[in-house]
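K.L.:
Mind having a look at this structure? Questions to follow.
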Amino acid sequence: LRSPLPPGLMWRYANHAVTVLGSVLETHTGVPFERAVDELVLAPLGMKDTGFQPGWGSEGRTAQGYLRKKHRRDPVPWREISIPPAGSAVTSGS
């Protein structure tokens, strides 16, 4: 996206950088991003209940998100982001 403003006057968010980083990781390791993250980061940290699909983990103990509406809270369904490095990770609260 091109901005009519000079650099530094406006902040914009984009997932492009993390997507490129995920591609570099896949190229460097020769395995899919999700597997590389699991083997290089999550497993060494003992994060058995963290991954990139709902229900991931030894007991499917991933956290459930909720949306608060006045005096109630409604469960929010998991929504996949099509580019895993840009999101879609799920984990447990413990």
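What follows draws every value from the coordinates through simple rules; no lab data is involved. Computed from a predicted model, the values in this text were never measured in an experiment. So basically every Cβ, Gly included, is an ideal-geometry build from the backbone, and we count neighbours across all protein chains shown.
K.L.:
If you take every residue apart from GLY87 with its C-beta less than 13 Å away from the C-beta of GLY87, what net charge results, scoring Lys and Arg +1 and Asp and Glu -1?
P.N.:
Local charge sum for GLY87: -1.
K.L.:
Further question on the same structure: Under the 0.36 nm per residue contour assumption, what length would be gained going from the current alpha-carbon distance of ALA86 and ASP74 to full extension?
P.N.:
Stretched fully, the ALA86-ASP74 segment lengthens by 1.8 nm.
K.L.:
Here is a follow-up. Within the chain, which is the longest segment containing none of the trypsin sites (Lys or Arg not before Pro) that sit in a DSSP loop and have at most 10 other Cβ atoms within 10 Å?
P.N.:
My reading of the result: 13-69 is the longest stretch.
K.L.:
Collect residues whose amide H, placed 1.01 Å from N in the peptide plane, falls under 5 Å from the amide H of GLY65; neighbours closer than 5 in sequence don't count.
P.N.:
Long-range HN contacts for GLY65: VAL76.
K.L.:
Here's something else I'd like to know. Over the alpha-carbon set of the chain, work out the extent along each principal axis and list the three values in angstrom, largest first.
P.N.:
Each principal axis gives a Cα extent; for the chain these are 50, 47, 21 Å.
K.L.:
Pick out, from GLY46, ILE83, PHE33, the residue whose Cα sits farthest towards the positive end of the charge dipole of the chain, with +1 on the Cβ of Lys and Arg and -1 on the Cβ of Asp and Glu.
P.N.:
Farthest towards the positive end: ILE83.
K.L.:
At 7 Å along the Cα-to-beta-carbon direction for both HIS16 and MET47, put a label point, then send me their distance in nm to one decimal.
P.N.:
Those two pseudo-labels are separated by 2.6 nm.
K.L.:
If you don't mind, another one. What value, in deg cm²/dmol to 500, does the helix sum -39500 (n - 2.57) over DSSP H runs of n ≥ 4 give at 222 nm once divided by the residues of the chain?
P.N.:
-6000 deg cm²/dmol
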